[in-house]
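Taking it in order: structure first as structure tokens, then the write-up.
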Amino acid sequence: MTEIATLERLLTIDEAAAYLGTGPRFLRRLVAERRIRFVRVGKYIRFPESALAEFVAAGTVAPVIRGWAA
């Protein structure tokens, strides 16, 4: 049985770079290193919005809460 995925918006490299606040070269490197999920549409590379959110979440560092010393 085949699952039907809900379609989400696919972003171009330039749109994804703007979403992340980086340049397109950074995203091309992530693709080459297979560090981000992407979709091939023919010869084009597209990024699901959820893949960008996952990438940001994976790199998010929680703050360290320290108690006050007397």
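No value in this document is a laboratory result; all are computed from the given coordinates. Quick caveat: nothing in here was measured; it's all calculated off a predicted structure. Positions of Cβ are backbone-derived with ideal geometry, glycine not excepted, and every protein chain shown enters the neighbour counts.
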Open item on the list: Given the -39500 (n - 2.57) contribution per DSSP H run of 4+ residues, what per-residue ellipticity at 222 nm results for the chain, rounded to the nearest 500 deg cm²/dmol?
Closed with: -11500 deg cm²/dmol
Open item on the list: Computed from the coordinates I sent, Rg and Dmax of the Cα atoms in Å equals one of (i) 15.3, 47; (ii) 16.6, 64; (iii) 18.2, 54. Tell me the label.
Closed with: (ii)
- [ ] Work through the residues other than Gly23 whose Cβ is under 12 Å from its Cβ and net out their charges, Lys, Arg +1 and Asp, Glu -1.
- [x] +2
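Kindly rank 25-36, 50-61, 8-19 from highest to lowest mean number of other beta carbons found within 10 Å of each residue. Walk me through the numbers before you get to the answer.
Numbers: 25-36: 13.7, 50-61: 11.7, 8-19: 16.2.
Highest-to-lowest ranking by the protection proxy: 8-19, 25-36, 50-61.
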TODO: Lys and Arg at +1, Asp and Glu at -1: add these up for the other residues within a Cβ distance under 10 Å of Arg9 and post the number.
DONE: -2
